């Protein structure tokens, strides 16, 4: 069976940045709906017509992936507004930011605490891979017809890419599961 729209592919991969640093390894196959919301368009396009056992090497530029880095999504907030147990790497939705934070902080963005200072907290609403060109080496492990339920929801349910947009103004920025 060849990969086409509205089928489910099981993939394994290694994701690296352009310097060769390994960012993610998927050893066990994960299923994705082709023609849904699970994969970036550039990945879907390259998968078309391939069969089980195919290996592809892709270069994904920021505008094809998680978007360019947007410095307007970085906010410096007062440390006293946050609970004492706050740590670097924690995430919170913009809608959940404490009262007193910058009212310009988008409510529909997932913020990561990137730095903690005694008086301030740095919140970054960019996807961790925003602004980074990626190299994806993937292998097609299995292909099957998509179910009506998968087609209806636009996902095989285990998507890695394109889960939900982070901010409407930051085109191409999507959360990474």
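Considering (1) more than 24 Å from residue 129 (Cβ to Cβ); (2) in contact with a strand residue (DSSP E or B) (Cβ under 9 Å, 6 or more places away or on another chain), say which one residue 84 fails and leave the rest.
(2)
Having 1 or more residues that are surrounded by 11 or more Cβ atoms within 10 Å (Cβ to Cβ) and free of Cβ contacts under 8 Å to residues at least 24 places away in the same chain is the bar; report the strands (runs of 3 or more DSSP E) wholly within region 1-117 that clear it.
Numbers: elements: 7-17, 22-34, 55-60, 74-78, 91-93, 110-116.
Of the strands (runs of 3 or more DSSP E) lying wholly inside region 1-117, those with at least 1 residues that are surrounded by 11 or more Cβ atoms within 10 Å (Cβ to Cβ) and free of Cβ contacts under 8 Å to residues at least 24 places away in the same chain span 22-34, 91-93, 110-116.
Checking residue 149 against (1) assigned by TED's automatic domain parsing to the domain that holds residue 30; (2) touching a strand residue (DSSP E or B) at 6+ places or on another chain (Cβ under 6 Å), which test does it fail?
Checking residue 149 against (1) assigned by TED's automatic domain parsing to the domain that holds residue 30; (2) touching a strand residue (DSSP E or B) at 6+ places or on another chain (Cβ under 6 Å), the one that fails is (2).
The values are calculated or read from the model by the stated rules, or taken from the named source; none is laboratory data. Being a predicted model, the structure only gives us computed values, none of them experimental. Methodologically, a virtual Cβ is constructed for each residue, glycine included, from the backbone with ideal geometry; neighbour enumeration extends over all protein chains shown.
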